[in-house]
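A quick write-up on the structure given underneath.
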Amino acid sequence: MVGIIMGSQSDLPIMEQAANFLKSLNIPYELTVVSAHRTPERMFDYAKTAKERGLKVIVAGAGGAAHLPGMVASCTTLPVIGVPILSSNSIDGWDSILSILQMPGGIPVATVALHGALNAGILAAKIVGIADKSVAENLQKYQDSLKDKVLETVNDIKALHPNQFDQ
């Protein structure tokens, strides 16, 4: 249901965060390398056939000039979520962030934070969850677990500092 692509194998440790989240919710995904610059024909084919393969959303990670998310978005009507990645030829990652964020009118790409593949996976699941009740229910359980984790921390702090806690 979700395509996860990256410009280079070196992006895999970051992009696996999205895959692992989707796997935890039992959302099918495909994971592969598609370089906008080194394999443009593969990129065009991937984007143009994504819907036929049953994909609902594409998560695209890229570093440097980071053309992959935008170029894929220009070739499909599926939502594309861009993950900026700090590459070896970048100073601080802003090149990737801005390349993905500053898309021209008409070709939007949702953009998460630098190395934000986990959030991209969550956003992809939310998009899929619009039409899939079981995914929506699993997302609600995930969000509830986040709330529970915070409340556990509140109780831990309260136990350590009982006289200093109002709420």
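The table below lists the values:
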quantity: Meets criteria (without any contact (Cβ under 8 Å) to a residue 40 or more places away in the chain, of a type in the set (S, T, N, Q) and farther than 21 Å from Ala36 by Cβ) for Gln102; calculated: no
quantity: Subset of region 45-76 that is aliphatic (A, V, I, L, M) and part of a helix (DSSP H, G or I) - its residue that is most open to solvent (accessible area, probe 1.4 Å); calculated: Met71
quantity: Hey, Ser87 outside any strand (DSSP E or B) and open to solvent by less than 20 Å² (accessible area, probe 1.4 Å) or not; calculated: no
quantity: Scope region 48-64; condition without any contact (Cβ under 8 Å) to a residue 60 or more places away in the chain, over 19 Å from Ile85 (Cβ atoms) and in contact with a Leu (Cβ under 8 Å, 6 or more places away or on another chain); matching residues; calculated: Ala50, Lys51, Leu55
quantity: Matching residues in region 92-122 - criterion: being more than 24 Å from Ile27 (Cβ to Cβ), open to solvent by 70 Å² or more (accessible area, probe 1.4 Å) and assigned to a helix (DSSP H, G or I); calculated: Trp94, Leu98, Leu101
quantity: Residue count for region 25-38, restricted to those that are under 13 Å from Ile122 (Cα atoms) and open to solvent by less than 40 Å² (accessible area, probe 1.4 Å); calculated: 2
quantity: Enumeration of residues in region 6-24 that are in contact with a Phe, Trp or Tyr (Cβ under 7 Å, 6 or more places away or on another chain) and crowded, with 21+ Cβ neighbours inside 10 Å; calculated: Leu22
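The values are calculated or read from the model by the stated rules, or taken from the named source; none is laboratory data. The structure presented is a predicted model; accordingly, all values stated were derived computationally and were not measured. Backbone-built Cβ (ideal geometry, glycine too); neighbour counts: all protein chains shown. In case anyone asks, the SASA skips ligands and DNA or RNA and just uses the protein heavy atoms, side chains included. Shrake-Rupley method; radii C 1.70, N 1.55, O 1.52, S 1.80 Å.
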